[in-house]
Amino acid sequence: MNYLAPIHIARAAFPYLAKTGGQLLLYTSSSYTRGRADYSLYSSAKAATVNLTQALADEWSGDKVRINCINPERTSTPMRTAAFGQEPPHTLLSADQVARTSLNVLLSGLTGQVIDVRREDPLSGGRSG
């Protein structure tokens, strides 16, 4: 489902997006950068979502449809808590940060990009936001 859902959503949304010049925003996880034991299907599905984003950006460009992919680090969500239990809050990204970045990407002119959302800006050593 981690890979089929983005495909089905993209196929269903394309006619409307092409008519309106709209855009699609998909989500991946840092697991797309490295396969791990016991996460092979999840990691490969997330990598496929990144490639789907890049390919559709090229395919849809003539129709003025944009598509990007948000790649948040570990994020504090109810689903994550259910899967992994309580984790130290300072180690997790807030869902609000992911939402703000998502809105910024939707308001931008970007297409075909994977946008990382991190707690820390690795270039400055400070908080991102």
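Taken together, the values in this text are just the output of simple stated rules run on the coordinates, not laboratory data. None of these values were measured; they are calculated from a predicted model. Cβ atoms come from the backbone with ideal geometry, glycine included; neighbour counts cover every protein chain shown.
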Please compute the net charge surrounding residue 39, taking Lys and Arg as +1 and Asp and Glu as -1 over other residues with Cβ under 15 Å from its Cβ.
-> +4
What residue among 80, 119, 66 shows peak mean-square fluctuation when the chain is described by a Gaussian network model with Cα springs under 10 Å?
-> 80
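Are there GluC sites (Glu not before Pro) in segment 38-129 that DSSP marks as loop and that have at most 10 other Cβ atoms within 10 Å, and which are they? Before the final figure, lay out the partial values.
Numbers: sites: 59, 73, 120; in loops: 73.
The qualifying sites: there are none.
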Round to the nearest 0.05 the FRET efficiency obtained for residue 50 and residue 107 when R0 = 25 Å and r is the Cβ-Cβ distance.
-> 0.70
Taking the Cβ of residue 64 as the center, what net charge do the other residues with Cβ under 14 Å away carry, scoring Lys and Arg +1 and Asp and Glu -1?
-> -1
Between residue 112 and residues 5 or more places away or on another chain, which pairs have amide H atoms under 5 Å apart, with H built 1.01 Å from N, and which residues are they?
-> 67, 68
For the chain, the percent of all C-alpha pairs falling in each 10 Å bin, from 0 up to the bin holding the max distance, is 12, 38, 35, 13, 1
Loop-located trypsin sites (Lys or Arg not before Pro) in segment 14-60 whose Cβ has at most 13 other Cβ within 10 Å (DSSP) = 34, 36
Rel. contact order, % - alpha carbon contacts under 8 angstrom, at least six apart, the chain | 25 percent
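From the C-alpha gyration tensor of segment 44-88, pull out the three semi-axes of the equivalent ellipsoid (sqrt of 5λ each), sorted largest to smallest, in whole Å.
In descending order the semi-axes read 32, 11, 7 Å.
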What is the fewest-to-most order of 96, 116 by other Cβ atoms lying within 10 Å of their Cβ?
-> 96, 116
Placing each pseudo-label 7 Å from Cα in the direction of the beta carbon, residue 63 and residue 30 end up separated by a distance in nanometres of 3.5 nm
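Can you sort 24, 103 by how many other beta carbons sit within 10 Å, fewest first?
103, 24
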